[in-house]
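Note sheet for the following structure.
What follows draws every value from the coordinates through simple rules; no lab data is involved. From a predicted model like this one, the values you see are computed outputs, not experimental measurements. Because the Cβ atoms are built from the backbone with ideal geometry, glycine has one as well, and the counts that use them run over all protein chains shown.
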Amino acid sequence: MALQAAALLPSAFSIPKEGKCGASLKDSTPFGISLSDHLKAGCSPYALRIKKESHQRKLPRWAVRAQAVVTTPAINQATAEGKKTLRKGIVVITGASSGLGLATAKALAETGKWHIIMACRDFLKAERAAKAAGIAKENYTVMHLDLSSLDSARQFVENFKRSGRPLDVLVCNAAVYLPTAKEPTFTAEGFELSVGTNHLGHFLLSRLLLDELKQSDYPSKRLIIVGSITGNTNTLAGNVPPKANLGDMRGFAGGLNGLNSSSMIDGGEFDGAKAYKDSKVCNMLTMQEFHRRYHEETGITFASLYPGCIATTGLFREHIPLFRLLFPPFQKYITKGFVSEEESGKRLAQVVSEPSLTKSGVYWSWNKDSASFENQLSQEASDVEKARKVWELSEKLVGLA
Ligand code: LMG
Ligand code: NDP
Ligand code: PMR
């Protein structure tokens, strides 16, 4: 009963952002089939918002809080048989509207042990994706988060806190990849979009949510930041040009704004593929810096991973059609690094919930038999000094220092 009532809650805290529907219309499948028309039909965030707000008015804030608390009682719940069972874990997954994030949400939902907060920039797309994936309504909540805006990240944290839910695991998964862009584009605050979204948005989000994680009474609290092989130059994939390289971070120090500084971390010419790989290096360095600063004090597990090459996801939506056509068979039959979205989701779900994967400061990978192992990061992606510098410069750029 309490669970049912609380299932009404999600929409009360999920506010679609105006104009974001349009942003999603570019979406296409790896084979170039446009989703635009499908999405256009019924894409009316304003109408949706009115509906949600009127629903929200029915629930005074205290009632909402009370219901939220009912769904998340102390860690062990007594069942009818008197046996103690763990309450559902609450996991926030950014970018859960497609690809790895969606597959992970699905894998976790299917265990019946998790409630997934899908933190997405396109409310309607996320709702539809959850439905299409068959995720049961009581197992997820969509909340608006646009990582290319620091205000949005702050607002998300406020909304999450107001929901009264605890936070047990945070998964920083969302990313953009702009390999064909000739000129840089920028976040709301004027940072180059790939590093701004993939790294800086997540940096602020995870810093602001750290206290929530600390306060959770869940037995294994985790903060996971998705990394990649292509940011690691100790691998073949990481040596395909352009290679990741943060250099002396002069562009980063200058604000990545392309005006009085370069839009690239190393201060060089804009290159979308390199910016993505650099952002993944920042992700992996940030995970380790979190580990050094907070693991001992908080007991939180900090982890990163390379989930395998999920060559069919929306990540490659901006790439040329020929690439999207050839990349999956190339990975499947030549490099043999290909994994399906489903398999990658199971991998990330393990990092979220497996009792055997609680070691902190680790970059997980999987071998050919899909068994997890602790992988080695490249020299740059494990450089302690660079990690500290990325942390400090990021603090300045997102307004935490
Ligand atoms: C850039 O091009 C794009 O310009 C950019 O927009 C962005 O997409 C970026 O990384 C992303 O890539 C990279 C481009 C240049 O590579 C190519 O994709 C060209 C394809 C060439 C085809 C080669 C034949 C392969 C046969 C496969 C046929 C199937 C179809 C392929 C499907 C396409 C998908 C790829 O790359 C180059 O300059 C040449 C390639 C360089 C290879 C790099 C290998 C370096 C190896 C160095 C070894 C270092 C040792 C590491 C140590 C490891 C130890 C464990
Ligand atoms: P997808 O494009 O399918 O998923 C990325 C998600 O991020 C989408 O849900 C997208 O939202 C969301 N997103 C993008 N920008 C923003 C934003 N500004 N605010 C909020 N959400 C945003 O790609 P993948 O599933 O492949 O990528 C997921 C993660 O996996 C990334 O971190 C990527 O670097 C990593 N990865 C992927 C690999 C691969 O081979 N695909 C390999 C290694 C790592 P929307 O649906 O609205 O577009
Ligand atoms: Mg790569 C050994 C194999 C291997 C693996 C595991 C990947 C993963 N790639 C490998 C090899 C190669 N790739 C080789 C030999 C080439 C040259 C032909 C090659 C090319 C290539 C391109 C052009 N690969 C790419 C691209 C992209 O645009 C992707 C990218 O760099 O995105 C940043 C990509 C990727 N290769 C991978 C993985 C996982 C990606 C994309 C996703 C990511 O890093 O997040």
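For region 153-276, the normalised intensity computed at q = 0.12 Å⁻¹ comes to -0.54 (log10 of I(q)/I(0), Debye sum over alpha carbons, equal scatterers, no solvent). Extending 7 Å from the Cα toward the beta-carbon at both GLU158 and ILE334 defines two label points whose distance is 5.0 nm. Just how far, in whole angstrom, is region 202-265 from region 289-360 if you go by their alpha carbon centroids? The two parts, judged by their Cα centres, are 15 Å apart.
Multiply the residue gap between LEU259 and PHE323 by 0.36 nm, knock off their C-alpha separation, and tell me the result in nm, one decimal place.
19.8 nm
Pairs with C-alpha atoms separated by more than 26 Å, drawn from the list LYS113/LYS336; LYS274/LYS336; LYS88/LYS389, are LYS113/LYS336; LYS88/LYS389.
The Kirkwood hydrodynamic radius of region 269-393, based on inverse pair distances between different Cα atoms, is 16.2 Å. Each peptide among 132-145, 216-229 gets the average number of other Cβ atoms lying within 10 Å of its residues, and from highest to lowest they stand as 216-229, 132-145. Site pair PHE373 and LYS214 shows an inter-label distance of 3.7 nm when each label is modelled 7 Å from Cα along Cα→Cβ.
Here the peptides 147-156, 90-99 are ranked by packing, the mean other Cβ count within 10 Å, and the order with the highest first is 90-99, 147-156.
Once the C-beta distance of SER356 and PHE186 is scaled by a Förster radius of 45 Å, the resulting FRET efficiency is 0.60 to the nearest 0.05.
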